[in-house]
1. Could you list all residues from region 348-386 that are open to solvent by 10 Å² or more (accessible area, probe 1.4 Å), farther than 20 Å from A274 by Cα and hydroxyl-bearing (S, T, Y)?
2. Scan region 387-425 for residues that are open to solvent by 20 Å² or more (accessible area, probe 1.4 Å) and of a type in the set (D, E, K, R) and jot them down.
3. Restricting the search to region 445-477, which residues are more than 16 Å from the ligand (Cβ to nearest atom), open to solvent by 20 Å² or more (accessible area, probe 1.4 Å) and out of contact with any strand residue (DSSP E or B) (no Cβ under 6 Å at 6 or more places or on another chain)?
4. Taking D396 as meeting all but one of (1) within 13 Å of the ligand (Cβ to nearest atom); (2) assigned by TED's automatic domain parsing to the domain that holds A325, write down the number of the exception.
5. Is it fair to say G557 is open to solvent by less than 30 Å² (accessible area, probe 1.4 Å), away from the ligand (no atom under 14 Å from the Cβ) and of a type outside the set (D, E, K, R)?
6. Picking from H279, H293, which residue would you name as being of a type outside the set (D, E, K, R), away from the ligand (no atom under 16 Å from the Cβ) and either within 19 Å of the chain's Cα centre (by Cα) or open to solvent by 40 Å² or more (accessible area, probe 1.4 Å) (or both)?
7. Look through region 514-543, keep the residues that are acidic (D, E) and open to solvent by 40 Å² or more (accessible area, probe 1.4 Å), and return whichever of them is nearest to the chain's Cα centre (by Cα).
Amino acid sequence: MCGIVGYAGGGGAREVLLRGLKSLEYRGYDSAGLALCGDRLHLLKDAGRVADLEVRIEHMTEAGTGIGHTRWATHGVPSQINAHPHTDCTRKVAVIHNGIIENFMELKSELMKGGHKFKSDTDTEVIPHMIEEELNKQQGMMDAFRKVVNKLEGSYAILAIIEGKNEIYFARKHSPLVIGLGRGENFLASDVIAFLPHTRCAVFVKDGDIGWVNSEKIYVEADGNKVERPFTNIEWSAEDAMKGGYPHFMLKEIYEQPDAVANTLLDARIEQLATELGHLKELEIVAAGTSYHAGLAFMYASDLKTRLLVSSEFRALYKGGDVLAISQSGETADTLQAVRQVRAVNGGKVFGLVNVNGSTLTRLADQTVYTHAGPEIGVAATKTFTSQLAVLYGIDAELKGKKIPTFDIESALRLNGEMKKLSIDMSRRQGIFYIGRGPSSVTAREGALKMKELAYIQAEAYEGGELKHGPLALIEEGVPVVAVCPNDIHRKKMIGSIEEVKARGGVPVVFGEAGDKELKAISDRFYGLPATDPFYSPLTYVVPLQLLAYHTAVLLGWDPDKPRNLAKSVTVE
Ligand code: F6R
């Protein structure tokens with residue numbers, strides 16, 4: 001999703017913005033650009049990578065103030081013209097924006113009638129033209145900016161600069177925006193990672209806030225009145241966000257899982273949330289993608305009466321009740337919209353399970369419990385998934401009066417070498433099936449999702465019992481079927497499913513408990529994992545499937561940290 005960064009300091013804006021943009025690359029983008037503020041505006045933008053701008057940036061004038069943007073196309077194709085920043089007719093105002101201006105068509109036709117010339121197909125370009133229009137009415141930039149923002153409908157984090165002024169004007173509604181406070185310099189960004197090398201002191205901008213920053217001061221107002229927003233000390237270091245010697249963030253993050261899970265399980269809020277949930281008769285769970293899989297794993301483990309809804313379908317299916325919203329980023333638009341729906345119909349209490357502190361979901365929820373996975377840079381969720389499972393299994397254990405479980409992720413990681421070897425075979429396949437029963441059906445789904453999003457191989461997951469209801473028609477000579485088969489009550493039936501696959505010439509790739517002779521005998525591709533609580537097996541069994549997807553992607557020459565067409569934080573519905 002789009003990333004934004006702004007810098008107001010004494011000098012060096014070029015480098016700060018470039019570095020900030022690089023740190024935001026993980027959000028996913030198709031074009032990038034920046035504007036520097038001097039006696040006139042200097043603009044550089046294009047479709048493609050931030051690295052492509054780097055070579056050209058040296059020819060730009062140095063400045064103390066500027067804004068930068070990575071764009072993930074929503075209105076208008078990825079191109080130089082559609083890349084941000086966008087300017088007005090006079091090229092005095094430059095604007096970057098994350099989100100969608102829903103009423104841009106009306107605003108644009110009004111502006112065009114007034115003689116404004118548009119260069120791009122974006123919704124964003126209306127903003128600089130509207131500012132120009134207001135400035136023509138002989139008022140200051142802040143007054144003009146406020147009037148413009150009040151006319152916008154939709155979601156936005158906006159930064160605007162005007163030539164000759166070392167100030168950055170900002171506004172936020174339903175898109176993340178945070179201020180970084182430095183000495184003689186201030187920052188604005190959609191993610192703290194963009195300014196972590198400079199400061200850890202952050203102010204999270206709230207929905208509806210409008211204001212400005214310069215090198216010395218910040219000003220924030222809400223509903224036309226000046227407001228003070230609290231400072232937060234960000235614990236993540238810039239180093240946390242770097243690769244730490246691994247070739248990719250994703251591999252580093254897979255290996256961080258033992259620590260991420262252990263840290264997460266230390267959080268006392270798990271116990272508090274368990275107590276709260278224990279009082280409920282029913283619980284609706286809402287989430288998207290991998291977070292949805294975490295919700296599904298909880299349903300298999302828990303005795304609570306739960307219902308799980310995909311965020312984007314929530315509005316159509318929600319009938320009221322207390323809700324647990326699960327989201328790594330806390331910024332997924334579909335999930336936030338679901339939570340707003342709960343609020344709109346006064347449906348019940350909202351509990352959040354979130355990784356990113358200070359994110360929008362943490363502010364919308366009545367009560368939040370955090371995963372302590374640290375920043376996840378790889379677009380595909382790995383350590384945040386197992387950390388979500390840790391919280392959910394921790395809650396389950398509390399409710400059942402069981403000991404909080406421990407998870408032997410290290411043993412699962414020891415399969416790395418074998419997964420690398422297996423990836424040679426997988427990389428040659430057109431399609432792969434994943435099957436599991438009970439909790440392992442979730443492991444199968446998550447394994448298949450990782451394979452398709454990273455290696456771009458068609459990977460389909462089914463409950464083992466569903467094979468005979470259709471997918472078996474596709475199993476023929478040489479089709480690989482990854483079978484997740486821990487030592488639980490479903491094992492016998494899974495062996496039946498594996499035999500069905502073999503009978504049709506399919507190639508079972510079996511993950512089961514180390515030392516399981518029967519499984520070893522039915523497949524020459526058997527991989528042993530440590531014994532686990534049968535209800536909590538997805539937390540360890542998913543690890544080799546993450547590694548398999550990772551190695552297959554790398555072998556095929558794809559970048560596992562930045563899968564095509566995908567974004568880390570999906571902030572549009
Ligand atoms: C898959 C993946 C996505 C996210 C989904 C929800 O690897 O990362 O499917 O899980 O976009 O994101 P969050 O959890 O941030 O709400």
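The values are calculated or read from the model by the stated rules, or taken from the named source; none is laboratory data. Note that the structure is predicted; figures quoted are calculated from it, not measured. Cβ: placed from backbone, ideal geometry, glycine included. Neighbour counts: every protein chain shown. All accessible areas refer to the heavy atoms of the entire protein, side chains included, with ligands and DNA or RNA removed. Shrake-Rupley method; radii C 1.70, N 1.55, O 1.52, S 1.80 Å.
1. none
2. E398, K400, K402, K403, D408, E410, R414, E418, K420, K421, D425
3. Of everything in region 445-477, those that are more than 16 Å from the ligand (Cβ to nearest atom), open to solvent by 20 Å² or more (accessible area, probe 1.4 Å) and out of contact with any strand residue (DSSP E or B) (no Cβ under 6 Å at 6 or more places or on another chain) turn out to be E463, E466, K468, H469, G470, L472, A473, L474, E476, E477.
4. Going through the list (1) within 13 Å of the ligand (Cβ to nearest atom); (2) assigned by TED's automatic domain parsing to the domain that holds A325, D396 breaks only (1).
5. Against the criterion (open to solvent by less than 30 Å² (accessible area, probe 1.4 Å), away from the ligand (no atom under 14 Å from the Cβ) and of a type outside the set (D, E, K, R)), G557 does not qualify.
6. Checking each option against the conditions leaves just H279.
7. Among those residues, the one meeting the criterion is D533.
A quick yes/no check of all residues on (1) of a type in the set (A, V, I, L, M); (2) in contact with a His (Cβ under 6 Å, 6 or more places away or on another chain); (3) in a helix (DSSP H, G or I):
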position: P247; (1), (2), (3): no, no, no
position: E253; (1), (2), (3): no, no, yes
position: D267; (1), (2), (3): no, no, no
position: I270; (1), (2), (3): yes, no, yes
position: L273; (1), (2), (3): yes, no, yes
position: L277; (1), (2), (3): yes, no, yes
position: L283; (1), (2), (3): yes, no, no
